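Here's the structure we're looking at; comments come further down.
The values are calculated or read from the model by the stated rules, or taken from the named source; none is laboratory data. Since we're looking at a predicted model, the values are computed, not measured. Virtual Cβ from ideal backbone geometry, glycine too; neighbours counted across all protein chains shown. In case anyone asks, the SASA skips ligands and DNA or RNA and just uses the protein heavy atoms, side chains included. Shrake-Rupley method; radii C 1.70, N 1.55, O 1.52, S 1.80 Å.
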Amino acid sequence: MRSISFTVPADFEGSARLDQYIASVSTDMNRSKLKSGAQELLVNARNAKLSTKVKAGDIIDVLWEDSVPEDIIPENIPLRIVYEDENVTVVNKAQGMVTHPAAGNWTGTLVNALLFHWGSGSVKQIKEGRENEILQKRRPGIVHRLDKDTSGLIITARNRETEEYLCAQFKERLIQKEYICIVCGRPPASSGDVRTQIVRDMKNRQRFKAVTATEEGKFARTIYHCIATYGQYSIMRVRIKTGRTHQIRVHMRYLGCPILGDSIYGHADKLFPDATLMLHSRQMILRLPGSGRYRRFRAAVPYRFIKTVRILREHFPREIMPKVKALCKK
């Protein structure tokens, strides 16, 4: 879902219909697109209609979704396969690849690549019905996801039975997922157990935030260990006990240590002005269908991490934080 914001100039005279005004100032949004794709219209943070009159000084926010294509089409996109059998495909997802088709990213996703890799045909889209059924059709084989700019391990199911089996493991929190990240700042202790609720940030709908002393939102738990620090940068190993949207990114910001290169939760960095999100799904431990034993999968550390650490070593001495645990409870 995309968002666009406008502020009606102070010298705007009279008033105009909301849809007419947006179409007059935006080259990407005409009245037809607004009518078919607008999911939410706000004027001065209040719900509005296409016919709402706007005047000078009004703040307009539009959330809209592109039209849904008829099919999800297989695409010949190279994949780094870590493991594969008749039931699962474990992929080391590249940074920049979206996990499954959604508004603004109907092609070039991991699902498009998997359909080709598995030799599957196009998947017909459902546009009406229950929301969970629509989403399920858009993401065949996907049982969990990684953000677009997060690289690393993701396991996918090659049949419906495996999909249900893996979903049950995720739901019961039997799958261990470990990440590495490079953050700006130093955590309050060498290791800790962060437990908060996660809610959407109403000031910026692209973001979420961690809150405590409330039942609002969804519970999230993250365990971290600081491997080393270089000046005001830290290398962290992170395990998540829940799987909330942006969880690690939100919790690192909550600790005062936003992830380097995070355009949503972080800030521009002078030493690394061109950094991309330094978050990588490094390890996964789970049971595969038909096996009573746990399997461990690992994805190699990306070159962007190696390059960044080299630069850190040139500028700062490596330090190890004292082994003091911090407990951040709900």
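Residues of region 79-95 being assigned to a loop (DSSP other than H, G, I, E, B) and in contact with a helix residue (DSSP H, G or I) (Cβ under 8 Å, 6 or more places away or on another chain), which ones? Those that are assigned to a loop (DSSP other than H, G, I, E, B) and in contact with a helix residue (DSSP H, G or I) (Cβ under 8 Å, 6 or more places away or on another chain): Leu79, Asn87, Gln95.
Listed by first and then second residue, the pairs linking a residue in region 288-304 that is farther than 19 Å from Glu178 by Cα and touching a residue at least 12 places away in the same chain (Cβ under 8 Å) to a residue that is in a strand (DSSP E or B) and of a type in the set (Asp, Glu), with Cβ atoms under 9 Å apart and 6 or more places separating them unless they lie on different chains, form an empty list.
From the set of residues in region 190-214 that are in a loop (DSSP other than H, G, I, E, B) and modelled with pLDDT of 90 or more, which is surrounded by the most Cβ atoms within 10 Å (Cβ to Cβ)? Ranking the qualifying residues of region 190-214, first place goes to Ser190.
Might you check whether a residue that is farther than 28 Å from Arg318 by Cα and without any contact (Cβ under 8 Å) to a residue 40 or more places away in the chain occurs anywhere in region 221-229? Yes, region 221-229 contains a residue that is farther than 28 Å from Arg318 by Cα and without any contact (Cβ under 8 Å) to a residue 40 or more places away in the chain. For region 219-228, state whether one or more residues are open to solvent by 50 Å² or more (accessible area, probe 1.4 Å), within 21 Å of Ala275 (Cβ to Cβ) and either in contact with a Lys or Arg (Cβ under 7 Å, 6 or more places away or on another chain) or not in a strand (DSSP E or B) (or both). Taking every residue of region 219-228 in turn, at least one turns out to be open to solvent by 50 Å² or more (accessible area, probe 1.4 Å), within 21 Å of Ala275 (Cβ to Cβ) and either in contact with a Lys or Arg (Cβ under 7 Å, 6 or more places away or on another chain) or not in a strand (DSSP E or B) (or both).
Of all the numbered requirements in (1) open to solvent by less than 30 Å² (accessible area, probe 1.4 Å); (2) over 25 Å from Tyr83 (Cβ atoms), Ile240 misses one, and that requirement is (2). Summed over region 231-265, residues that are within 15 Å of the chain's Cα centre (by Cα), part of a helix (DSSP H, G or I) and not hydrophobic (A, V, I, L, M, F, W, C) total 4.
Number of residues in region 1-42 that are touching a strand residue (DSSP E or B) at 6+ places or on another chain (Cβ under 6 Å), outside any strand (DSSP E or B), modelled with pLDDT under 85 and open to solvent by less than 60 Å² (accessible area, probe 1.4 Å) equals 1.
Just so you know, in region 291-316 the residues that are open to solvent by 90 Å² or more (accessible area, probe 1.4 Å) and over 22 Å from Lys241 (Cα atoms) include one that is nearest to the chain's Cα centre (by Cα), and it is Tyr303. Evaluate the following for Ala268: is it in a loop (DSSP other than H, G, I, E, B), open to solvent by 50 Å² or more (accessible area, probe 1.4 Å) and of a type in the set (A, V, I, L, M)? So Ala268 fits the description; yes.
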